[in-house]
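Student: Below is the structure I would like to discuss, written out as structure tokens.
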Amino acid sequence: MLRNIRRATLQVLRTSGVSRWAAHSRWRQQRLLILCYHGVSQDDEHLWLPNLYMEPAVLRQRLEILQRGSYNILPLGQAVEQLRAGDLPPRSVVISFDDGMCDFYSRSYPLLQSYGFPVTVYQTTYYADFQKPVFNLICSYMLWKRRGSVLNKGAELGLKPSLDLRSESSRKEVMLELMHRAEADHLSGGQRDELAARLASALQIDYQDVGRKRLLHVMNPQEISELASAGVDFQLHAHRHRTPMDEAPFRKEIQENRQRLQSMTKSDAIHFCYPSGEYHRQFLPWLEAEGVVSATTCNPGLATARTHPLLLPRFVDTSARSALEFEGWLAGVSALLTFKRAAKAD
């Protein structure tokens, strides 16, 4: 109901010319919109996880809207500097991708390149070196592929005998069991991949074919180096895509992530994105100690000169968002219709 009301309001604002006025206003010029994307489907990932994956055609539509509206697509570092200085150009936008999955290399980057738009990839690095599907993602995807089934294969995996895959909630329970098993047994990356392969066998899925297609793989070092040489901006996203609650392991995640990125991109990463958008205020001094200049959240909003640089909001664009909603965020009016505020320091 609330979404329908919001969409109806956006339509009125667009038809009346208010959205266009807002996009060209001084108010909007003082604000930076950071777009957040995750994955673009190589197969049917957008049907499995529409909040993370979109079809290539939808991304192309978004880029066409940006070009048609003459939005200023800025490199992240430049945008952060100009935001602080108060001299952003009109209709400023940054495009960012989280995680650095290999579909960015094969699907997203060719589209971005065709429009000439700069982009930042917040790159996790553990799975860049360990070229196997990301464990939690591939397990969730394979369970979804066998949705609607009830299989008596759980005992083979050390789980409850019955695998109920008939609903999203029941599949989530199986997934949580798998994750708990991996954590409780302190499984290494290789052992987790072996568990994923056994799950595939139980589900009658060709795991070797998954590997050949590189579904849910992170870009490898060669791909990252190639794109960095072509001008893609790679920044920090934690080595293992996690944010420990203690300072030493938290900073180690940043340090390992930075070291691996430096070896692949030959540049120093100084911007950070909180994995899964999860952050706590105790992280801020730890990031400052590591020389991090800016950090982005998944809180919806537009950044201003007053926004804490380590708590920058973003608009997470997904398949569930309409073109009307997307245009509303570009103009700035959607930010006025959301109940959530950009995070600020205390």
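The values are calculated or read from the model by the stated rules, or taken from the named source; none is laboratory data. What you see is a predicted model, and the numbers here were worked out from it, not measured in a lab. Every residue, glycine among them, receives a Cβ derived from its backbone with ideal geometry; neighbour counts consider all protein chains shown.
Student: Considering the range 254-293 alone, what residues qualify as being small (Gly, Ala, Ser), at positive phi and modelled with pLDDT of 95 or more? First the steps, then the outcome.
Tutor: First, the residues of the range 254-293 that are small (Gly, Ala, Ser): 263, 267, 269, 276-277, 289, 291.
Remaining after also requiring at positive phi: 276-277, 291.
Gly291, the sole residue that qualifies.
Student: Then there's this: Scanning the range 81-102 for residues that are within 17 Å of Arg321 (Cβ to Cβ) and not hydrophobic (A, V, I, L, M, F, W, C), which turns out surrounded by the most Cβ atoms within 10 Å (Cβ to Cβ)? First the steps, then the outcome.
Tutor: Residues of the range 81-102 that are within 17 Å of Arg321 (Cβ to Cβ), as a first pass: 93, 95-98.
Applying the additional criterion that residues be not hydrophobic (A, V, I, L, M, F, W, C) yields 96, 98.
Working: Ser96: 19, Asp98: 27.
Across the range 81-102, the extreme among qualifying residues is Asp98.
Student: Can you pull out every residue in the range 61-80 that is among the basic types (Lys, Arg) and buried (at least 16 other Cβ atoms within 10 Å of the Cβ)?
Tutor: Within the range 61-80, Arg62 is the sole residue that qualifies.
Student: Go through the range 306-317 and give me each residue that's closer than 14 Å to Ile34 by Cα and in a loop (DSSP other than H, G, I, E, B).
Tutor: Thr307, Pro309, Leu310, Leu311, Pro313, Arg314, Asp317
Student: Related question: Is there a residue being within 30 Å of Tyr122 (Cα to Cα), within 25 Å of the chain's Cα centre (by Cα) and of a type in the set (S, T, N, Q) anywhere in the range 193-210?
Tutor: no
Student: On to the next question. For the range 74-103, give me each residue that is out of contact with any helix residue (DSSP H, G or I) (no Cβ under 8 Å at 6 or more places or on another chain), within 26 Å of Gly328 (Cβ to Cβ) and among the hydrophobic types (A, V, I, L, M, F, W, C).
Tutor: Matches in the range 74-103: Leu76, Ala79, Val80, Leu83.
Student: While we're here: Which residues, taken from the range 226-271, are among the small types (Gly, Ala, Ser) and either exposed (fewer than 15 other Cβ atoms within 10 Å of the Cβ) or not in a loop (DSSP other than H, G, I, E, B) (or both)? Write out each step before concluding.
Tutor: The first filter runs over the range 226-271 and keeps only residues among the small types (Gly, Ala, Ser), leaving 228-231, 238, 248, 263, 267, 269.
If the condition is that a residue be among the small types (Gly, Ala, Ser) and either exposed (fewer than 15 other Cβ atoms within 10 Å of the Cβ) or not in a loop (DSSP other than H, G, I, E, B) (or both), then Ala228, Ser229, Ala230, Gly231, Ala248, Ser263, Ser267 are the ones that fit.
Student: Let me ask you something else. Here are some conditions: (1) within 24 Å of the chain's Cα centre (by Cα); (2) surrounded by fewer than 18 Cβ atoms within 10 Å (Cβ to Cβ). Tyr141 meets all but one. Which one does it not meet?
Tutor: Among (1) within 24 Å of the chain's Cα centre (by Cα); (2) surrounded by fewer than 18 Cβ atoms within 10 Å (Cβ to Cβ), the lone unmet condition for Tyr141 is (2).
Student: Going through the range 150-192 one residue at a time, which ones are basic (Lys, Arg) and more than 25 Å from the chain's Cα centre (by Cα)?
Tutor: At the first step, the residues of the range 150-192 found to be basic (Lys, Arg) are 153, 160, 166, 171-172, 181, 192.
Residues satisfying the conditions are Lys153, Lys160, Arg166, Arg181.
Student: List, please: which pairs have Cβ atoms under 8 Å, are six or more places apart or on different chains, and start with a residue in the range 158-178 that is not assigned by TED's automatic domain parsing to the domain that holds Arg146 and surrounded by 15 or more Cβ atoms within 10 Å (Cβ to Cβ) and end with one that is part of a loop (DSSP other than H, G, I, E, B) and modelled with pLDDT of 95 or more?
Tutor: If the second residue must be part of a loop (DSSP other than H, G, I, E, B) and modelled with pLDDT of 95 or more, no pairs are left.
Student: So, Asp103, is that one of a type in the set (D, E, K, R), assigned to a helix (DSSP H, G or I) and within 16 Å of the chain's Cα centre (by Cα) or not?
Tutor: Values: of a type in the set (D, E, K, R): yes; assigned to a helix (DSSP H, G or I): yes; within 16 Å of the chain's Cα centre (by Cα): yes.
Yes.
Student: Let me ask something additional. Scan the range 8-33 for residues that are surrounded by 15 or more Cβ atoms within 10 Å (Cβ to Cβ) and over 13 Å from Gly332 (Cβ atoms) and jot them down.
Tutor: Correct list: Thr9 only.
Student: I would also like to ask the following. List every residue pair whose Cβ atoms lie under 9 Å apart, where the two residues are 6 or more positions apart in sequence or sit on different chains, the first residue falls within the range 318-337 and is over 21 Å from Ile73 (Cβ atoms), and the second residue, located anywhere, is among the acidic types (Asp, Glu).
Tutor: Hits for this filter: Ser319/Glu55.
Student: Still on this structure: Starting from the range 218-245, take each residue that is at positive phi and list its partners that are buried (at least 22 other Cβ atoms within 10 Å of the Cβ) and not in a helix (DSSP H, G or I), counting only C-beta distances under 6 angstrom and pairs at least six apart or across chains.
Tutor: Note: pairs meeting the criteria are His241/Thr124.
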